[in-house]
Amino acid sequence: AATHKIAVLPGDGIGPEITAVALKALTAAGKAEGEEFVYTEAPIGGAAIDATGDPYPKSTEEVCKAADAVLLASIGGYKWDSLPNAQRPEKGLLRLRASLNAFANLRPAVVLPQLADASTLKREVVEGVDILIVRELVGGIYFGEPRGFKEENGERVGYNTMVYRESEVERIARVAFEAAMKRGKRLCSVEKSNVLEVSQLWKDVVIRVSKDYPEVELSHMYIDNAAMQLIRNPKFFDVVVTGNIFGDILSDEASMLTGSLGMLPSASISEPGKPGIYEPVHGSAPDIAGQDKANPLAMVLSAAMMCRYGLNLPKVADRLESAVTAALDSGFRTGDIMQPGCKQVGCQEMGEVVLSKLQ
Ligand code: NAD
Ligand code: IPM
Ligand code: MN
């Protein structure tokens with residue numbers, strides 16, 4: 001048995017509601033395996049702006065760097081939407097990722113049999129889908145310089161730079177090939193090399209790395225076609241590797257295969273020795289915040305990914321994941337995944353159902 005130090009960042013909107021559920025579940029699952037979690041809460045995003053004026057204060061950075069893993073809910077909201085870019089909640093999240101060098105964002109999209117009819121797509125299209133999106137998280141157009149606004153010929157101009165260096169592509173490609181080796185041995189690299197130099201470099205490096213993984217079947221797809229194929233025939237995909245902005249978009253799209261964005265967890269892995277960040281793919285859902293309507297399962301599943309990938313506690317992860325499927329088996333659903341014949345519950349009650357399945 002051991003004690004694990006978790007930095008807990010509830011953030012904004014539905015963040016605190018889903019965090020409360022996930023921590024109760026994590027504590028209970030740990031207890032059953034003789035593992036103890038010590039939680040240190042810290043503000044990020046809008047909550048941190050209100051408390052300190054900074055979306056990622058030094059004190060929060062210190063808590064994260066001292067932890068074994070960071071469990072983050074979500075940031076952002078209407079209240080802070082008109083702030084300049086550098087002061088927004090989203091900037092706090094980007095600085096958190098950069099400060100921990102959490103470069104490999106693993107976003108699994110798995111269609112659970114219980115939810116195959118919750119998707120807007122036909123059951124036969126989504127049934128059995130199991131995709132892992134490997135998204136580069138600390139580079140690309142999100143971080144490229146130069147960026148900003150300027151005046152030109154009497155009008156405003158906004159600009160950003162999409163940039164990748166070989167070393168950045170190589171390390172994310174290796175994560176993706178390693179993941180593919182442990183799964184279906186198929187990897188699809190998604191870019192826009194028919195138009196962008198940065199994508200041509202991406203493709204070249206991925207091909208070079210592929211020589212070290214002869215067993216993995218590598219394919220290449222342009223982002224526009226990939227967005228279409230993901231809906232047309234999602235079972236084509238096993239592991240997808242792509243850059244920061246394309247991965248952001250494709251992972252929200254992939255969420256609808258599984259029924260709801262409220263079901264998708266993620267892990268953002270750093271180099272060895274640094275804590276990873278575990279967070280749902282969804283945001284702070286300001287439209288339903290404070291109404292006890294949020295689906296907490298993506299957050300519970302993110303805690304499970306933290307146990308599996310960050311803390312080497314596969315048994316605790318298994319317990320959390322089984323409790324989620326057992327809750328669904330018993331017919332409980334939050335509004336976003338509600339189906340005929342099921343029992344609709346709120347965020348808290350879904351948390352209680354998950355807890356009961358852990359006992
Ligand atoms: P969003 O993911 O917050 O919400 C999109 C839609 O999905 C909304 O209708 C919302 O109600 C629903 N939804 C999301 N999570 C849900 C859940 N767990 N249960 C039920 N329904 C859920 O995206 P958005 O509306 O584009 O952005 C809202 C804010 O969140 C913005 O400030 C954005 O920048 C921020 N954001 C933060 C993160 C993050 O913290 N990692 C991710 C995405 C967006
Ligand atoms: C996500 C979010 C973030 C991103 C935003 C809030 C900065 O959309 O985690 O997917 O674009 O990475
Ligand atoms: Mn996103």
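Computed quantities for the displayed model
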quantity: Convex hull volume per residue for segment 130-256, taking Cα atoms only, in Å³; calculated: 114 Å³
quantity: Residue among Lys24, Lys79, Lys293 with the largest mean-square fluctuation in a Gaussian network model of the chain, springs linking Cα atoms under 10 Å; calculated: Lys79
quantity: Mean projection area, nm², convex hull over Cα of segment 1-108; calculated: 7.4 nm²
quantity: Spatial separation of Cα centroids for segment 1-35 and segment 271-325, in angstrom; calculated: 9 Å
quantity: Eligible aspartates and glutamates near Lys315 by straight Cα distance, threshold 14 Å, same-chain separation 8 or greater; calculated: Glu33, Glu35, Glu36
quantity: Residue pairs, from the table Lys24/Lys293; Lys5/Lys343; Lys58/Lys274; Lys122/Lys192; Lys182/Lys293, whose Cα atoms sit over 26 Å apart; calculated: Lys5/Lys343; Lys122/Lys192; Lys182/Lys293
quantity: Karplus 3J(HN,Hα) series, Hz, for segment 167-177 with 6.51 cos²θ - 1.76 cosθ + 1.60 (x for Gly, Pro); calculated: 5, 5, 5, 4, 5, 6, 4, 4, 4, 5, 5
quantity: 222 nm mean residue ellipticity, helices alone, for the chain (DSSP H n ≥ 4; -39,500 (n - 2.57); rounded to 500); calculated: -12000 deg cm²/dmol
quantity: Ascending count of other beta-carbon atoms within 10 Å, so fewest first, for Ser199, Ser210; calculated: Ser210, Ser199
quantity: Ranked Arg319, Arg95, Arg88, criterion: other C-beta atoms within 10 Å, fewest first; calculated: Arg95, Arg88, Arg319
quantity: Candidates Gly76, Gly139, Gly154, ranked by Gaussian network fluctuation over the chain, Cα under 10 Å, top entry; calculated: Gly154
quantity: Highest-MSF residue in the chain out of Ile141, Ile288, Ile172 [GNM, Cα springs under 10 Å]; calculated: Ile288
quantity: Projected area averaged over orientations for the chain, convex hull of C-alpha atoms, nm²; calculated: 18.5 nm²
quantity: For Ile133, distant residues with modelled amide H under 5 Å away; calculated: Arg107, Ala109, Val240
quantity: Residue order, fewest to most beta carbons within 10 Å, for Arg333, Arg156; calculated: Arg156, Arg333
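Bear in mind that the values in this text are calculations on the coordinates, not laboratory data. Since this is a predicted model, take the numbers as computed values, not measurements. A quick note on method: Cβ atoms are made from the backbone with ideal geometry, for glycine too, and the neighbour counts reach across all protein chains shown.
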